[in-house]
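First up is the structure itself, then whatever we jot down about it.
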Amino acid sequence: MLLIYISILTAFVLWTIINSLFMPRLSNRSIPGDENGLVSILIPLRDEERNVEELLQSLKKLTYQNIEFLLLDDHSSDQTLNLLYEGTKNDPRFTIIRGKDLPEGWTGKVYACHQLSEHAKGQYLLFNDADLRLSPHAVQAALLLLKKRKASMITGFPAFPVSLFLEKLLVPFQHFVVHFHLPLAPANWTNLPSFTAAHGAFIMVHKEAYKHVGGHQGIRDTLLDDIDLAKTFKKKGQRVILANITKVVTCYMYQTNREVWNGFTKNLFPGLGRSRFLIWTLFIFYGIFYVGPLILLLAGLYTALTGSLIVALFYPYVLIVLQKAWIDLRTNQRVTLSLLMPLSAVAFMTLLIHSMRTGLRQKGYVWKGRTYS
């Protein structure tokens, strides 16, 4: 039985390595570029005073010349708006927009992105979150891949510098889920909506295609604006590329463990189609294959201390660490975090159940001061 278990985990490692080869990378080097197309960088902000200064510094360092920046303040209660005005004065590339009141039937970020798109003049739209930092050549790199693959959308999961305990367990785990559970060949080479992942912090679209599919207006009530927008593109026959953007895009997602908890609670159950079957399937799967190796590791240590060492008991833990380490290497993450893989699985399993219970009890998901059902 242990041999079968080890064989399955070995297959998981091999699958992850092969699957990852179907995700193209954005280059961080200087790219001679076609700058015929105006790019509109669109950023919604709500209570983001902690991010404004570094965000603006990042934008000002971009080397792409044919560019405009539109930043929308979505009724911030802090100093976000004042900091935006102060940080962008005398730079004609920047336009500050004051968001309108949220209409019935819309979620906050979706409506903010919709308003931004209506003001944008660019041939290409790049939707960014306020906690994102772009390398100087990020725009050229994204445009190059967009044109090379003849795609209408480029998206990807950024690099995630982490310091908080829950961050270390859960935020890099997003890369693990994509590289392991999503078959990347059909995701990037077909328009099948079932093979879709996206990250709302970085989405570049061709404006004409965006308008053709209905833009954010067509997904007005969703909590999963990134995935649902990508699915809408695919349903309308538009090509979507999920890229490895970790060399050119960095995201500082959370400031507290509570934010980590609320963010994942908001996304997990809706992201799995509110399916209790999928929640329990994943819970059992991760319990068997990613918590189980920790139990065997402890058993192996016990046998070593009692003088009857069974080396095979250590193999499952080594295999899941290797699987996570491969992904961490490819996604610009600290490889030492792979040693925490069983704890990441426990945190993920706990949040699966919590997100489901929150959704089923109709308490609503709380995010950015708003509650969504």
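Below is a table of values for the structure above.
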item	result
Quotient of C-alpha Rg and 2.2 N^0.38 Å, computed over the chain	1.03
Gained length - ILE18 relative to LEU192, 0.36 nm times residue gap less alpha-carbon distance	60.6 nm
Between 0 and 90°, nearest 10: helix 2-20 axis offset from the chain longest Cα axis	20 degrees
Angle between the chain longest axis and helix 315-330 axis [Cα atoms, degrees, rounded to 10]	20 degrees
Phi-based couplings in Hz for the range 332-338 (Karplus 6.51, -1.76, 1.60; Gly and Pro marked x)	6, 10, 5, 5, 4, 5, 5
Accessible area (Å², per residue) of the range 137-280, counting only protein heavy atoms and a probe of 1.4 Å	38 Å²
Accessible-area composition of the range 125-214, carbon plus sulfur, in percent [1.4 Å probe]	64 percent
Projected label distance in nm at GLU118 and SER163, using a 7 Å step from Cα toward the beta-carbon	3.9 nm
HIS114, HIS119, HIS206, reordered so the largest accessible area comes first (probe 1.4 Å)	HIS119, HIS206, HIS114
Accessible area of the range 1-65 belonging to carbon and sulfur atoms, whole % at 1.4 Å probe	60 percent
Flagged links, alpha-carbon separation over 24 Å, of LYS109/LYS211; LYS60/LYS89; LYS121/LYS147; LYS211/LYS266; LYS150/LYS234; LYS231/LYS324	LYS211/LYS266; LYS231/LYS324
Heavy-atom surface of the range 12-94, accessible at 1.4 Å and reported per residue (Å²)	50 Å²
Point-to-point label distance, TYR85-GLN255, nm (Cα→Cβ direction, 7 Å offset)	2.1 nm
Estimated distance in nm for a label pair at HIS212 and ASN36, the labels positioned 7 Å out from Cα along Cα-to-Cβ	1.8 nm
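The values are calculated or read from the model by the stated rules, or taken from the named source; none is laboratory data. This one's a predicted model, so the numbers in the text were calculated from it and none came from an experiment. Using ideal geometry, Cβ is built from the backbone for each residue, glycine included, and neighbour counts are taken over all protein chains shown. All accessible areas refer to the heavy atoms of the entire protein, side chains included, with ligands and DNA or RNA removed. Shrake-Rupley method; radii C 1.70, N 1.55, O 1.52, S 1.80 Å.
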